[in-house]
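Single-structure report; data block below.
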Amino acid sequence: MYNLDQLAAFVSVVELGTFTAAAEKAGLTQPAVSLQVKLLEQRLGVRLIERVGRRAQASPAGIELLVHARRILDECAAAEEAMAPYRDGTAGRVRIGSGGTASIHLLPRAISAARKRMPGLEVTVTIGNTDDVLRHLEANRLDIAVVTLPAPGRAFEVEPFYEDELLAVAPRDAVMPEGGPDARYLAEAVEVLMLYEGGNTRVATDQWMEAAGQRARPAMEFGSVEAIKELVAAGLGWSILPSLALKRERAGYLATSPLKPRLVRQLGMVMRRDKHLTRGLREIMKSLRGFGT
């Protein structure tokens, strides 16, 4: 029989890259983790970990075992979670990764709705850019990601659930062009504040401008939609922001308008294809789907 602690120690060392980091995560000493991996290697008769510089990496045999070890540990975790309702009447933990806008303006309502149906549900939210969130998801450090699509990766199952229109945003006393500003107006007539390059929302905005033969020349770039809203309100420029982030703005705070032509981004739920759908995860997904109806 395999020892689950030994399998967990092996997976942790590979994922974190050092025995020391794996020991800190498990609350053990570094020699204790080293012994667990050594005993597993003796049990299987193969070397599982190789040192490359200061990092510990899986050997060819270790790479093969890693797939099975993760599956075994996931199934054991699922079995333990399935027993929780019988043990204490509550069950479930969901780790969500998301961008800043969805975490502020969408996830609180989704989590609230899920917890009304499942009061014992524990939820943690990790905020980051799409690339980082998907990297954590692939490493199984997250259960589900809520991100702006596309979300590339053969290991992922993607479900679009919410269309979010991008709007022109200006100081409250600004005069919007009839029918909304087009790319030329935003490129030539006003100073524009934009999100940093690299994110899917910024990519969609750049492509919208390029389709009209224009190029984005932002006066300033920021990583926060909320910061841009405050700067626009202070009269420092215009911007293009998700309507999701503007739904609760008080009257007169900002002037908004659809773009010409209109621009929409798609939010999606992303999970690993091999992810076990716990009750908690199903409740979160059900709540998120409710935003698309």
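The values are calculated or read from the model by the stated rules, or taken from the named source; none is laboratory data. For clarity, every value in this text was computed on a predicted model and none was experimentally measured. We place every Cβ from the backbone using ideal geometry, glycine too, and count neighbours over all the protein chains shown. Surface accessibility is based on the protein's heavy atoms, side chains included, excluding ligands, DNA and RNA. Shrake-Rupley method; radii C 1.70, N 1.55, O 1.52, S 1.80 Å.
Results, tabulated for the structure shown:
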quantity	calculated
Correct option for Cα extents along the principal axes in Å [calculated from the coordinates] among (i) 74, 48, 30; (ii) 65, 41, 36; (iii) 44, 42, 38	(i)
Between segment 204-253 and segment 27-87, the alpha-carbon center distance in angstrom	46 Å
Local electrostatic count at residue 187 - Lys and Arg +1, Asp and Glu -1, tallied over other residues with Cβ under 12 Å	-2
Carbon + sulfur, % of accessible area of the chain - ligands and nucleic acids excluded, 1.4 Å	51 percent
For segment 83-233: accessible area per residue (Å², 1.4 Å)	52 Å²
Sparse-neighbourhood loop sites, GluC sites (Glu not before Pro) in segment 200-289 - DSSP loop, at most 15 other Cβ within 10 angstrom	249
Sum of -39500 (n - 2.57) over DSSP H runs of 4+, divided by residues of the chain (222 nm, nearest 500)	-13500 deg cm²/dmol
Shape category assigned to segment 161-293 from the gyration tensor of Cα positions, a/c cut at 1.5	prolate
Global form of segment 50-153, assessed from the alpha-carbon gyration tensor, a/c cut-off 1.5	oblate
Choice from 118, 269, 83 with maximal GNM fluctuation in the chain (Cα, 10 Å cutoff)	83
Sites matching trypsin sites (Lys or Arg not before Pro) across segment 142-230 that sit in DSSP coil, with at most 16 neighbouring C-beta atoms within 10 Å	154, 172, 215
Reachable aspartates and glutamates, given that their alpha-carbon falls under 13 Å from the alpha-carbon of residue 247 and they are not under 8 places away in the same chain	164, 165, 226
Cα-projected label distance for residue 154 with residue 44, points at 7 Å along beta-carbon direction, nm	2.2 nm
Efficiency of FRET between residue 221 and residue 175 - r from beta-carbon atoms, R0 35 angstrom, step 0.05	0.85
